[in-house]
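Undergrad: First, the structure itself, so that you have it in front of you.
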Amino acid sequence: MLSKSIQRIFRLLSEHFPNPQTELIFNDHYQLLIAVILSAQATDVSVNRVTTTLFKDAPTPTKMVQLGEKGIKNHIKSIGLSNTKAKNVLNTSRILIEKHDSKIPDTRDALETLPGVGNKTAGVVLNVAYGEATIPVDTHVFRVSNRLGLVKTKTPTETEKRLLKIVPQEFLPKAHHLLILHGRYVCKARKPLCMDCCIKQQCEYPEKTA
Ligand code: SF4
């Protein structure tokens, strides 16, 4: 795809979503990290539902450790993988207290040593908390970038590498959220709303319906 078209895609998306940001609800970097850990294979809406009460009982790493694995599990049992996530949230909180003075690390290497934090979670935290120009690739980002023809990739890692090369500098910090919002509300997995799509002219998806 021509760089002129890529520029146009991100300009149009920015106009359509003027204030792109995560839909997860949190009060500080710690709660952001926990919400992102919980969001693996779960929707933001379902995570927000459980963190409303979880963060009331345990707003800090210390309180989370006091709540304990069973207590955490009780709050988050309605979302997928709750057993593993409860363990990860507890152990991550412990490590934050012991090694990071209860602060959230600002490097990918340090973040990825925390239980439940992989490449994508670290990328989201670095992007949202510290404004880093990362483009973590979730299911929406992967689908939308491939449908549009921005990339032709088979894995999230490959997709992120490619996007980091082609997305114009000025749109890099918000590209992740722009693609997610477009995927969530317009270029939906089953039935993309091509008629209402602001970038249908630029889209190279052979099955687009407009
Ligand atoms: S035209 Fe359709 S397939 Fe292409 S980006 Fe828009 S919604 Fe998605």
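Undergrad: Based on what the data block shows, is Y205 within 19 Å of L2 (Cβ to Cβ) and of a type in the set (F, W, Y)?
TA: yes
Undergrad: Hey, among the residues in the range 3-23 that are in contact (Cβ under 8 Å) with a residue 12 or more places away in the chain and in a loop (DSSP other than H, G, I, E, B), which one's most open to solvent (accessible area, probe 1.4 Å)?
TA: Here the residue is Q21.
Undergrad: Quick check: anything in the range 173-183 surrounded by fewer than 21 Cβ atoms within 10 Å (Cβ to Cβ), modelled with pLDDT under 95 and either more than 10 Å from the ligand (Cβ to nearest atom) or farther than 23 Å from I104 by Cβ (or both)?
TA: yes
Undergrad: Based on what the data block shows, is S39 in the same structural domain as H140 (by TED's automatic domain parsing) and either at negative phi or among the basic types (K, R) (or both)? Break it down into steps so the answer makes sense when it comes.
TA: Values: in the same structural domain as H140 (by TED's automatic domain parsing): no; either at negative phi or among the basic types (K, R) (or both): yes.
So S39 does not fit the description; no.
Undergrad: The conditions are (1) charged (D, E, K, R); (2) within 20 Å of L38 (Cα to Cα); (3) within 16 Å of the ligand (Cβ to nearest atom), and K188 fails exactly one of them. Which is it?
TA: (2)
Undergrad: Criterion first (out of contact with any Cys (no Cβ under 8 Å at 6 or more places or on another chain), at pLDDT below 95, in a loop (DSSP other than H, G, I, E, B) and open to solvent by less than 30 Å² (accessible area, probe 1.4 Å)) does P105 satisfy it?
TA: For P105, the condition - out of contact with any Cys (no Cβ under 8 Å at 6 or more places or on another chain), at pLDDT below 95, in a loop (DSSP other than H, G, I, E, B) and open to solvent by less than 30 Å² (accessible area, probe 1.4 Å) - is not met.
Undergrad: Somewhere in the range 111-123, is a residue surrounded by 18 or more Cβ atoms within 10 Å (Cβ to Cβ) and under 24 Å from R11 (Cβ atoms)? Working first, answer last.
TA: Step one: of the range 111-123, the residues surrounded by 18 or more Cβ atoms within 10 Å (Cβ to Cβ) are 111, 114, 116-117, 120-123.
Remaining after also requiring under 24 Å from R11 (Cβ atoms): 123.
Yes; the residues of the range 111-123 include at least one that is surrounded by 18 or more Cβ atoms within 10 Å (Cβ to Cβ) and under 24 Å from R11 (Cβ atoms).
Undergrad: Now, a different point. Would the range 70-88 turn up any residue that is open to solvent by less than 40 Å² (accessible area, probe 1.4 Å) and basic (K, R)?
TA: The answer is yes; a qualifying residue exists.
Undergrad: Within the range 131-139, does at least one residue satisfy the condition of being within 16 Å of the ligand (Cβ to nearest atom), open to solvent by 40 Å² or more (accessible area, probe 1.4 Å) and farther than 17 Å from P18 by Cα?
TA: For the range 131-139, residues within 16 Å of the ligand (Cβ to nearest atom), open to solvent by 40 Å² or more (accessible area, probe 1.4 Å) and farther than 17 Å from P18 by Cα: present.
Undergrad: Something else: Given the condition of a type in the set (K, R) and either within 27 Å of S3 (Cβ to Cβ) or open to solvent by less than 60 Å² (accessible area, probe 1.4 Å) (or both), answer yes or no: does some residue in the range 45-64 qualify?
TA: No; the residues of the range 45-64 include none that is of a type in the set (K, R) and either within 27 Å of S3 (Cβ to Cβ) or open to solvent by less than 60 Å² (accessible area, probe 1.4 Å) (or both).
Undergrad: I would also like to ask the following. Within the bounds of the range 42-53, is there any residue that is at pLDDT below 95, of a type in the set (A, V, I, L, M, F, W, C) and either assigned to a loop (DSSP other than H, G, I, E, B) or in contact with a Leu (Cβ under 9 Å, 6 or more places away or on another chain) (or both)?
TA: yes
The values are calculated or read from the model by the stated rules, or taken from the named source; none is laboratory data. Please read these numbers as outputs of a predicted model, since none were measured by experiment. Heads up, the Cβs are rebuilt from the backbone with ideal geometry, glycines too, and the neighbour counts pull from every protein chain shown. Heavy atoms of the whole protein, side chains included, go into the accessibility calculation; ligands, DNA and RNA do not. Shrake-Rupley method; radii C 1.70, N 1.55, O 1.52, S 1.80 Å.
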